[in-house]
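**Q** Got a structure for you, questions after.
Just so it is clear, none of the values below were taken in a lab; they were calculated from the coordinates. What you are looking at is a predicted structure, and each value in this text was computed from that prediction instead of being measured. Cβ sites come from the backbone with ideal geometry, for glycine too, and all protein chains shown count toward neighbours.
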Amino acid sequence: MGTFVKIALLVAAVAVLGGAAASVAIYGSARPCRMLATARARDARDSVRAAATSAPSAGPRDMAEAAAEARRVMNRAGRARADASAAMAAARESVRGMGAGACSQEMWHRWF
């Protein structure tokens, strides 16, 4: 085997190992369906978080108004947490019936 072929194989091996290490670092797994489920769950969580976040008001004028505003914020946060949990569970469930090839293809489209 020539030196060029050995170097090419070494570079390819390093690229494959680097990709696997990066996927484990980002998604916690090298399995494509688990990576896709994690990505979908993060997308769902982020969209619910963005929808639940609102601009702060000008500020309460008195203590009763401050208490009412605090209750509204806490209720909105509780609903957002429940919505995010449900959206993340639905995102993970949507991957359950897919094969590794379909998951890999969708991850490819997400990345490139």
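**Q** Please give the length that would be gained between Leu9 and Ala90 if that part of the chain were fully extended, namely 0.36 nm times their separation in residues minus their C-alpha to C-alpha distance (nm, one decimal). Present the calculation step by step, with values, prior to reporting the outcome.
**A** On the way: separation 81, 0.36 × 81 = 29.16 nm, distance 4.14 nm.
In short, 25.0 nm is gained.
**Q** When Cα Rg over 2.2 N^0.38 Å is calculated directly from the model, which label among (i) 2.46; (ii) 1.70; (iii) 1.65 fits?
**A** Structure-derived value, by its label: (ii).
**Q** Would you work out the relative contact order for the chain, in percent, from Cα pairs under 8 angstrom that are 6 or more residues apart?
**A** Values: 65 pairs, mean separation 41.5, N = 112.
Here the relative contact order equals 37 percent.
**Q** Using Cβ counts within 10 Å as a stand-in for footprinting exposure, how do Phe4, Phe112 rank, fewest first? Don't skip to the end; give the middle numbers.
**A** On the way: Phe4 8, Phe112 5.
Exposure proxy ranking, most exposed first: Phe112, Phe4.
**Q** Using unit Cβ charges (K, R positive; D, E negative) and no other charged atoms, how large, in debye to the nearest 20, is the dipole of the chain about its Cα centre? Show your work: numbers first, answer last.
**A** Numbers: 16 positive and 8 negative charges, 44 e Å.
For the chain, the charge dipole is close to 220 debye.
**Q** If you don't mind, another one. Tell me what the chain gives for mean residue ellipticity at 222 nm when only DSSP H runs of n ≥ 4 count, each as -39,500 (n - 2.57), the sum divided by the residue total, rounded to 500 deg cm²/dmol.
**A** -28500 deg cm²/dmol
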